[in-house]
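Take a look at the structure set out below.
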């Protein structure tokens, strides 16, 4: 190595400019998480595209919400199936919540965006814990999951 200055090095007096990718990400993804959500206060935890949250005033319900611009019964069936598929992963990622959420009814909702208030939804379907317990134990489900 030599002690000569690198002619291709940026001058130190010039501030670095953000790359096009950084600017694009900042513009498209405006939601910034400064701290982890407080699930017990009703803040959502997003797992595989589904927002899981609870109502702190209602200890019998767990909510799963999916943003969608399509609100058809077929889309709702897809979101319900996805919520059932993702629930074991969500509980595995957050083992401390499993005991707190056990025996709650799962209400699956279609929402317009993650930024919506949790009370704003287009469609919802309620699933009893018996169905969810069968999934968590890997028991076969019957065809009763069709919500149309």
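The values are calculated or read from the model by the stated rules, or taken from the named source; none is laboratory data. Quick caveat: nothing in here was measured; it's all calculated off a predicted structure. Please note: Cβ atoms are built from the backbone with ideal geometry, for glycine as well, and neighbour counts cover all protein chains shown.
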### Query
Any chance the range 95-110 includes a residue that's modelled with pLDDT under 90, assigned to a helix (DSSP H, G or I) and within 16 Å of the chain's Cα centre (by Cα)?
yes
### Task
Determine which single condition residue 54 fails, assuming it passes every other condition in (1) exposed (fewer than 14 other Cβ atoms within 10 Å of the Cβ); (2) closer than 19 Å to residue 132 by Cα; (3) in contact with a helix residue (DSSP H, G or I) (Cβ under 8 Å, 6 or more places away or on another chain).
(1)
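If you take the residues of the range 1-59 that are touching a strand residue (DSSP E or B) at 6+ places or on another chain (Cβ under 7 Å) and either more than 30 Å from residue 100 (Cβ to Cβ) or assigned to a loop (DSSP other than H, G, I, E, B) (or both), which of them is modelled with the lowest pLDDT?
37
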### Message
On the basis of being over 18 Å from the mean Cα position of the chain (by Cα), outside any loop (DSSP other than H, G, I, E, B) and either under 30 Å from residue 28 (Cα atoms) or modelled with pLDDT of 90 or more (or both), does residue 74 make the cut?
### Response
yes
### Query
Within the range 47-70, how many residues are in contact (Cβ under 8 Å) with a residue 24 or more places away in the chain and over 18 Å from the mean Cα position of the chain (by Cα)?
2
